[in-house]
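First the structure, in the form of structure tokens, and then the observations on it.
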There are 2 protein chains.
Amino acid sequence: MKKVICVVGTFDTKEEDFIFLIDKIHALGGETLVLDVGTKATKSEVVDVPSQELAKLGNYDIDTLAESGRSKAIAAISKAAALKVKELHDAGKIDGIIGMGGSGGTTLSAMAMKYLPIGFPKMIVSTLGGTPTITTYNADNDIIIMNPVVDVAGVNSITKTIYSEAAGAIYGATLAVEKQDPQKNKKRIAVTMYGVTTPGVTRTKQYLEENGYEVIVFHATGTGGRALENLIKSGFFEGVVDMTTTEISNNSLAGEQGMCYTTTERCEGVAKMGIPCIYVPGAMDMCVAIGADPEIYKGRVEYHHNDMEIVTHFRPNASDALVQGKCLGEKIAKTTAETAVFFPHGGLSMLDVPGEVLYDPEANAVLFKTIREYADNGKVEFIDSDLNINDEEFALAVGKKMVDFMQKHYD
Amino acid sequence: MKKVICVVGTFDTKEEDFIFLIDKIHALGGETLVLDVGTKATKSEVVDVPSQELAKLGNYDIDTLAESGRSKAIAAISKAAALKVKELHDAGKIDGIIGMGGSGGTTLSAMAMKYLPIGFPKMIVSTLGGTPTITTYNADNDIIIMNPVVDVAGVNSITKTIYSEAAGAIYGATLAVEKQDPQKNKKRIAVTMYGVTTPGVTRTKQYLEENGYEVIVFHATGTGGRALENLIKSGFFEGVVDMTTTEISNNSLAGEQGMCYTTTERCEGVAKMGIPCIYVPGAMDMCVAIGADPEIYKGRVEYHHNDMEIVTHFRPNASDALVQGKCLGEKIAKTTAETAVFFPHGGLSMLDVPGEVLYDPEANAVLFKTIREYADNGKVEFIDSDLNINDEEFALAVGKKMVDFMQKHYD
């Protein structure tokens with residue numbers, strides 16, 4: 001069966017570019033299903049779903065849309081396009097999707113891809129591709145991004161090679177895509193990790209794998225947490241070992257400008273999905289200072305990361321611990337399934353051990369007390385340990401508890 | 001003939017991931033040529049060029065390399081890999097290239113792709129893909145980037161679908177790639193544009209096209225200028241109409257932190273290549289304030305961009321014009337072929353007209369005088385006009401002059 005690529009294009013301004021792309025997909029042996037997401041009605045012959053039709057789907061009129069201003073028009077069309085794409089995907093009518101453009105075209109394309117799962121081939125040829133702004137669109141998903149180097153504004157010597165490659169890439173991706181393997185039937189557990197919690201998390205992961213679970217690791221650097229929460233909410237995971245909740249340090253202390261800022265819904269997905277979870281406040285002995293208001297870390301211990309000298313951390317003190325603990329505790333309290341919190345009094349990272357720069361058992365004591373105070377809803381278990389998060393015995397205790405929870409919840 | 005994909009991998013840490021990718025490429029019908037760019041020697045059976053061999057090519061010893069520290073080791077190996085990849089490419093032995101990894105793997109891959117031209121399929125599956133850091137790697141080239149969402153650290157339910165898609169995308173790109181069309185034989189002219197110089201540049205472009213030239217537009221937003229200069233130096237263009245030199249405003253006034261900062265070699269490529277060029281100081285009536293030291297634009301007129309409210313421009317004044325003019329003038333003075341500078345006394349952008357917020361003919365007069373003072377090497381033509389840069393008559397004068405230059409230079 002021929003692969004069908006959904007092409008999302010603004011045919012009012014870039015018809016020539018999209019016709020080249022579409023022809024190329026056909027030449028490779030693919031079929032296309034073309035959505036016009038332009039904010040003005042056109043009569044392009046290659047379009048399968050004209051913007052007039054999308055307009056009706058979104059309960060607006062294409063001829064008066066432009067009057068409401070460019071950003072409102074883009075928002076209205078992309079909402080309708082997202083619904084249409086979801087419908088086509090759910091009905092199995094498309095195998096991949098591609099968009100091209102500048103900031104407008106990128107926004108329209110990314111919004112249209114909003115409901116598509118990870119692993120479904122999606123690509124955008126975007127003039128924002130080589131700029132930091134692109135992370136607005138691909139931070140927590142697998143959209144393939146290509147910087148066209150020159151503007152997406154006409155077919156020329158450069159864009160010909162770019163559009164050809166893009167057609168090949170999205171078509172090739174649909175040929176290769178591997179459906180998730182259902183017969184394997186292993187339950188999936190997400191774990192969260194940071195460089196400084198790697199030994200402990202790795203040991204817990206190994207223990208869970210030995211017990212028949214598939215374990216997928218997320219780096220707790222802001223984008224990792226966003227991807228994690230999205231996947232939890234999509235039903236991808238049966239359990240979570242949230243062993244590195246350091247992103248809460250960023251969100252509660254450094255705020256939105258902080259380098260590791262993550263979704264405000266961080267640590268909330270497990271409660272919504274009713275799946276077992278174990279929390280360890282891993283790496284909450286640190287907060288990345290980049291982006292934070294310097295007032296916040298004034299007088300705090302600073303730490304320069306070894307590998308990337310540009311990254312500076314600071315050590316939250318006892319008063320910061322009240323803020324961190326409340327933020328995390330309130331989220332844990334929403335729990336609906338088996339939940340435990342481990343408190344490693346021997347330290348929250350490799351650097352929170354006697355003799356190391358971030359060692360501060362007093363601050364940790366405040367953190368643990370505060371988490372408990374806010375999290376204690378009568379159902380959550382609290383487990384104190386004298387060990388460090390990276391000690392093997394601690395990691396195994398976490399692993400064993402999780403296996404207990406999984407068996408209790410699913411057997 | 002089977003397509004050959006060059007796979008660039010760190011087999012000391014990610015052999016499992018790369019074997020999955022390689023198998024998938026083979027299953028699609030492709031061949032692979034595998035480079036081990038790990039910093040430790042391995043004996044992986046899938047590797048064609050082991051890191052020991054790359055080491056010899058770079059005149060170092062793989063067994064002692066690790067002792068020199070991670071970043072030095074990465075630099076040494078990527079240098080050797082780049083030479084090897086160039087050799088393979090020039091000999092026609094590879095049709096595409098792919099790398100995968102975190103910051104180390106991304107650096108190694110991107111460096112290995114350093115000498116490959118635009119249009120040669122290249123892809124990196126990078127955990128930096130969803131972070132602003134990725135622009136370090138793809139700001140001025142067409143590397144296809146995919147954020148794997150989870151870590152590139154083992155084959156699991158998620159990475160299986162990601163690696164499969166990536167294998168398909170790079171393989172598909174090699175199937176589709178279109179060689180540049182030599183029989184067409186149109187000479188290529190680059191032009192530079194900004195939103196506020198669009199009417200003028202578009203008219204000049206149209207005139208040049210009517211006269212048989214192919215015109216490729218670059219957006220003067222920092223990355224556009226980098227791509228432009230790279231392509232000029234690769235011999236891609238026969239002429240340049242640098243009608244929007246506003247990036248010089250950023251470089252000379254806002255500096256490296258400025259939002260539109262570009263290569264320091266901006267406006268120098270044409271002299272190096274000895275090709276005709278026309279300069280117009282387009283949009284030098286503005287400088288994007290984002291990233292600039294607020295001291296620089298204190299007391300200057302500010303302007304808020306319509307479409308993206310986050311972008312603020314300031315109006316360089318007469319004293320700024322001395323800095324801008326010297327920076328641009330010194331570059332123009334290096335000219336080696338037909339060169340002219342047009343001075344539109346009626347204004348440098350849509351906003352530099354009577355009644356508009358950036359109108360300042362006095363500052364422009366200083367700018368023009370300073371450019372002339374530094375650029376005048378006895379060969380450059382200076383052409384004064386009372387018109388605005390966006391006036392049709394002005395745009396046509398620029399176009400006509402360029403056609404004269406092209407005919408004189410090439411006929």
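The values are calculated or read from the model by the stated rules, or taken from the named source; none is laboratory data. Nothing here was measured: the structure is a model prediction, and the numbers come from that model. All Cβ positions, even for glycine, are placed from backbone atoms using ideal geometry, and neighbour counts span all protein chains on display. With ligands, DNA and RNA removed, areas are computed over all heavy atoms of the protein, side chains included. Shrake-Rupley method; radii C 1.70, N 1.55, O 1.52, S 1.80 Å.
Descriptive notes on the structure:
- Its residue count N sets the reference 2.2 N^0.38 Å, and the alpha-carbon radius of gyration of the range B:182-410 equals 0.94 times that reference.
- Gaussian network model of chain A, Cα within-10 Å springs - most flexible of A:Asn138, A:Asn185, A:Asn230: A:Asn185
- Surface composition of the protein assembly as shown: carbon plus sulfur atoms contribute 50% of the solvent-accessible area (1.4 Å probe, protein chains only, all chains present).
- Seen from B:Glu238, the other residues with C-beta closer than 9 Å to its C-beta sum to a net charge of +2, counting Lys and Arg as +1 and Asp and Glu as -1.
- Comparing B:Arg372, B:Arg266, B:Arg300 in a Gaussian network model of chain B, where Cα atoms under 10 Å apart are tied by springs, the biggest mean-square fluctuation is seen for B:Arg300.
- Residues whose placed amide H lies under 5 Å from that of B:Phe343, excluding near-sequence neighbours: B:Ile383, B:Asp384, B:Ser385
- Quotient of the Cα radius of gyration of the protein assembly as shown and 2.2 N^0.38 Å, N being its number of residues: 1.00.
- Cβ nearest the rotation axis (A onto B), residue from chain A and distance to the nearest whole Å: A:Gly172, 1
- Rel. contact order, % - alpha carbon contacts under 8 angstrom, at least six apart, the range B:326-392: 53
- Euclidean distance between Cα centres, the range B:276-298 to the range B:96-111, Å: 35
- Computed E for B:His26/A:Thr136 - FRET, C-beta separation, R0 41 angstrom, nearest 0.05: 0.65
- Cα shape, the range B:4-176, gyration tensor, a/c 1.5 rule: rounded
- Within the range B:182-410, antiparallel bridges make up roughly 20 percent of the DSSP beta bridges whose residues both belong there.
- Counted by Cβ distance under 10 Å from B:Pro199, the other residues give a net charge of -1, where Lys and Arg count +1 and Asp and Glu count -1.
- Rounded to the nearest whole Hz, the Karplus-based 3J(HN,Hα) values (6.51 cos²θ - 1.76 cosθ + 1.60, θ = phi - 60°) of the range B:341-355 follow the sequence 10, 9, 10, x, 5, x, x, 9, 6, 4, 9, 9, 10, x, x, with x at glycine and proline.
- With a cut-off of 17 Å on the backbone N, the residues of the range A:269-295 near the modelled label site 7 Å out from A:Val323 along Cα-Cβ are A:284-295.
- Descending Cα extents along the principal axes, chain B, whole Å: 71, 51, 39
- Stretched out straight at 0.36 nm per residue, the stretch from B:Glu362 to B:Lys72 would grow longer than its current Cα-Cα span by 99.2 nm.
- Residue-span extension gain [A:Lys369 to A:Lys114] - 0.36 nm each, minus C-alpha spacing: 87.8 nm
- B:Glu392/A:Ser44 FRET efficiency (R0 25 Å; Cβ-Cβ; nearest 0.05): 0.30
- Per residue of peptide B:213-223, the mean number of Cβ atoms on other chains within 10 Å of the residue Cβ is 4.
- Per-residue ellipticity at 222 nm from helix content only, as computed over chain A with -39500 (n - 2.57) for each DSSP H run of at least four residues, stands at -12000 deg cm²/dmol.
- Whole-angstrom gap from the range A:326-355 to the range A:129-172, using each part's C-alpha centre: 42
- When the Gaussian network model of chain B links Cα atoms closer than 10 Å, the mean-square fluctuations of B:Glu45, B:Glu373, B:Glu392 top out at B:Glu45.
- Here is the tail figure for the range A:248-330: Cα pairs spaced more than 18 Å apart come to 43 percent of all pairs.
- Set B:Lys186/B:Lys326; B:Lys122/B:Lys401; A:Lys24/B:Lys186; B:Lys186/B:Lys401; B:Lys43/B:Lys72; A:Lys24/B:Lys233 screened for pairs whose C-alpha atoms are more than 27 Å apart: B:Lys186/B:Lys326; B:Lys122/B:Lys401; A:Lys24/B:Lys233
- Hits among aspartates and glutamates - C-alpha to C-alpha of A:Lys369 under 14 Å, sequence gap 8 or more where chains match: A:Asp320, A:Glu330, A:Glu381, A:Asp384
- Within-12-Å neighbourhood charge of A:Val85 [Cβ basis; K, R +1; D, E -1]: +4
- Listed values for the range B:123-134 are Karplus-derived 3J(HN,Hα) couplings in whole Hz (6.51 cos²θ - 1.76 cosθ + 1.60, θ = phi - 60°), namely 8, 10, 8, 10, 5, 7, x, x, 10, x, 4, 4, and x replaces Gly and Pro.
- Sequence-distant residues sharing a close amide H with A:Ala283 (under 5 Å, placed H): A:Ser349
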